[in-house]
1. Can you find a residue that is away from the ligand (no atom under 15 Å from the Cβ), among the hydrophobic types (A, V, I, L, M, F, W, C) and within 12 Å of Phe207 (Cα to Cα) anywhere in segment 88-108?
2. Name, by its number, the condition in (1) of a type in the set (Gly, Ala, Ser); (2) touching a His at 6+ places or on another chain (Cβ under 7 Å); (3) surrounded by fewer than 24 Cβ atoms within 10 Å (Cβ to Cβ) that does not hold for Ser110.
3. Output the residue which, of all residues in segment 154-179 that are among the charged types (D, E, K, R) and crowded, with 18+ Cβ neighbours inside 10 Å, is farthest from the ligand (Cβ to nearest atom).
4. Please go through (1) of a type outside the set (S, T, N, Q); (2) over 29 Å from Lys41 (Cβ atoms); (3) touching a residue at least 60 places away in the same chain (Cβ under 8 Å) for Leu231 and return the number of the only condition it doesn't satisfy.
5. Tell me the residue from Asn125, Asn160, Asn99 that is under 17 Å from the mean Cα position of the chain (by Cα) and not hydrophobic (A, V, I, L, M, F, W, C), please.
6. Scan segment 5-62 for residues that are in a loop (DSSP other than H, G, I, E, B), surrounded by 15 or more Cβ atoms within 10 Å (Cβ to Cβ), touching a strand residue (DSSP E or B) at 6+ places or on another chain (Cβ under 8 Å) and not hydrophobic (A, V, I, L, M, F, W, C) and jot them down.
7. Can you pull out every residue in segment 72-96 that is surrounded by fewer than 22 Cβ atoms within 10 Å (Cβ to Cβ) and either assigned to a helix (DSSP H, G or I) or in contact with a strand residue (DSSP E or B) (Cβ under 6 Å, 6 or more places away or on another chain) (or both)?
8. Would you be able to tell me the number of residues in segment 234-256 that are within 16 Å of the ligand (Cβ to nearest atom) and within 19 Å of Asp216 (Cβ to Cβ)?
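The values are calculated or read from the model by the stated rules, or taken from the named source; none is laboratory data. The structure presented is a predicted model; accordingly, all values stated were derived computationally and were not measured. Cβ placement follows ideal geometry from the backbone for every residue including glycine, while neighbour counts extend to all protein chains displayed.
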Amino acid sequence: MQTNKNFAGIPDENSKLDTSKIVLIPVPYDGTSTWVKGANKGCDAFLKASENMELYDIETETEVYKQGVFLADAVTEDASPEAMVDAVHQQTKIYIKKNKFVTLFGGEHSISIGSIRAFNECYDNLTVLQIDAHADLRSEYDGSSCNHACAVHEASQTTNLIQVGIRSMDAIERTFMDEEKTYFAHEMISNSYWMDNAIDQMTENVFITFDLDALDPSIMPSTGTPEPGGLFWYETLEFLRKVFEEKNVVGFDIVELCPNDTDKSSDFLAAKLYYKMLSYKFMDINNDDAYENDLSDNGKAKSTQKTFEDDEY
Ligand SMILES: [Mn+2]
């Protein structure tokens with residue numbers, strides 16, 4: 001795991017906690033994956049690739065790293081899937097309460113149970129936008145509700161869940177699926193309105209959980225369960241930019257990078273995708289503008305703030 005290195009090799013002055021608007025929490029967890037193992041190495045590969053990235057974003061004409069990106073200590077709790085989820089939940093909440101734009105990098109998709117839980121406690125009427133090949137709606141798998149196959153089951157019960165890119169699932173998952181808010185890959189291909197339709201269904205506050213296997217395996221081979229027929233780069237960016245422009249994206253995670261020795265392009269894609277999402281988030285915010293993650297306007301957040309401080313975090 002990384003030691004004291006900064007994200008993307010950015011200068012120390014842009015990566016101090018106090019002055020950074022963005023926090024990146026690595027969660028190199030791979031305890032429940034079923035097929036290709038190695039998502040625990042995803043954070044490292046992502047961070048390494050990020051060091052080779054050019055930091056001026058042509059499209060937005062910005063250098064978002066100047067907003068400050070603090071690389072938090074990795075969450076390494078792995079005693080059980082439940083303990084890992086608890087640790088992610090706690091860490092995420094700590095940095096939301098510090099008024100940061102909180103992002104996470106996995107690890108397998110089960111980490112999102114913890115991140116979504118934290119955001120859902122801090123923001124009212126949360127939409128979870130899941131971009132993924134798999135429905136991940138099972139209530140339990142392999143004896144745990146914190147398995148990667150269950151990544152958004154809780155979100156399906158407690159948030160406004162919108163699923164995009166889905167092309168693999170078990171029949172039982174239909175039970176928990178809201179098909180009005182599910183964008184199957186085979187339907188997206190012939191529906192030119194899917195982006196607008198999905199955005200119309202979102203509430204103001206949106207958390208994005210991005211499973212890299214949503215992307216087509218031709219551009220993202222390094223993932224645990226590659227499924228044919230995925231999203232491509234520019235349509236993905238077009239959709240993400242629209243979401244960031246039209247909604248208040250409160251945070252996001254990117255999961256399931258499963259690096260290997262031969263393909264480095266996937267690692268690089270993941271780094272670039274992460275940076276693109278930050279660029280979209282901050283494209284209209286000047287570097288020296290104060291950042292407000294909108295927590296204070298939120299009644300639900302205020303009430304949890306107290307409990308939170310009582311716990312001495
Ligand atoms: Mn998934």
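1. yes
2. Of the numbered conditions (1) of a type in the set (Gly, Ala, Ser); (2) touching a His at 6+ places or on another chain (Cβ under 7 Å); (3) surrounded by fewer than 24 Cβ atoms within 10 Å (Cβ to Cβ), the odd one out for Ser110 is (3).
3. Taking segment 154-179 as the starting set, the residues that turn out to be among the charged types (D, E, K, R) are 154, 167, 170, 173-174, 178-179.
Add one more test, that the residue is crowded, with 18+ Cβ neighbours inside 10 Å, and what stays is 154, 167, 173.
Details: Glu154: 14, Arg167: 12, Glu173: 12 Å.
This residue is Glu154.
4. Condition (2) is where Leu231 drops out.
5. Of the residues listed, the single one that is under 17 Å from the mean Cα position of the chain (by Cα) and not hydrophobic (A, V, I, L, M, F, W, C) is Asn160.
6. Result: Asn6, Ser15, Ser20, Lys21, Pro28, Tyr29, Thr32.
7. If we filter segment 72-96 for residues that are surrounded by fewer than 22 Cβ atoms within 10 Å (Cβ to Cβ), which is where we start, we get 72-74, 76-80, 82-83, 86-87, 89-90, 94.
If the condition is that a residue be surrounded by fewer than 22 Cβ atoms within 10 Å (Cβ to Cβ) and either assigned to a helix (DSSP H, G or I) or in contact with a strand residue (DSSP E or B) (Cβ under 6 Å, 6 or more places away or on another chain) (or both), then Ala72, Ala74, Glu82, Ala83, Asp86, Ala87, His89, Gln90, Ile94 are the ones that fit.
8. Quick first cut of segment 234-256, residues within 16 Å of the ligand (Cβ to nearest atom) only: 236, 252-256.
Those left that are additionally within 19 Å of Asp216 (Cβ to Cβ): 236, 254-256.
Counting residues in segment 234-256 that are within 16 Å of the ligand (Cβ to nearest atom) and within 19 Å of Asp216 (Cβ to Cβ) gives 4.
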